[in-house]
């Protein structure tokens with residue numbers, strides 16, 4: 001079973017600000033509840049081909065997985081795929097302007113769990129949705145409070 005979860009939010013900040021902050025891997029532990037740290041495997045800044053290891057706490061387990069940036073258009077989209085980790089996953093961010101001058105952000109996670117994870121895929125999908133919704137709300141609060 002494939003997991004495919006998209007969460008969306010509007011943030012009352014310009015798209016350039018939202019995209020720059022959220023696309024910077026060094027900021028991820030500030031707004032992703034489950035991400036505890038990041039380690040660059042390639043030199044900064046983020047670009048296509050960059051590899052970043054994320055240390056997460058998810059469902060009571062410590063997970064370490066490495067994403068590789070496969071698509072990056074500044075201020076529009078970022079797509080990362082796991083190069084190493086518990087199961088293949090792709091995470092993408094997309095940003096667009098709203099009529100009110102805010103930013104609409106979509107965060108999509110999709111992947112195909114393997115082994116034991118495949119048996120609990122529906123539960124994982126629900127947990128990913130709750131976590132992603134919470135992460136986007138946390139991002140919104142951080143960025144709007146900074147204004």
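Miscellaneous remarks
- Complete set of residues in segment 1-15 that are closer than 14 Å to residue 98 by Cβ and either out of contact with any helix residue (DSSP H, G or I) (no Cβ under 7 Å at 6 or more places or on another chain) or in a helix (DSSP H, G or I) (or both): 8, 10, 14, 15
- On inspection, residue 80 does not qualify as over 18 Å from residue 35 (Cα atoms), under 13 Å from the mean Cα position of the chain (by Cα) and modelled with pLDDT of 95 or more.
- Residue in segment 105-113 that is under 18 Å from residue 36 (Cα atoms) and at pLDDT below 95 present: no
- When residues of segment 31-65 are limited to those that are closer than 16 Å to residue 131 by Cβ and outside any strand (DSSP E or B), the one nearest to the chain's Cα centre (by Cα): 32
- Neighbours by Cβ (under 7 Å, 6+ apart or cross-chain): first from segment 55-75, at positive phi and buried (at least 16 other Cβ atoms within 10 Å of the Cβ); second in a strand (DSSP E or B) and at pLDDT 85 or above: 75/95
The values are calculated or read from the model by the stated rules, or taken from the named source; none is laboratory data. Predicted model, so just to flag it, every value in this text is computed and none were measured. With ideal geometry, Cβ positions are generated from the backbone for all residues, glycine too; neighbour counts draw on all protein chains shown.
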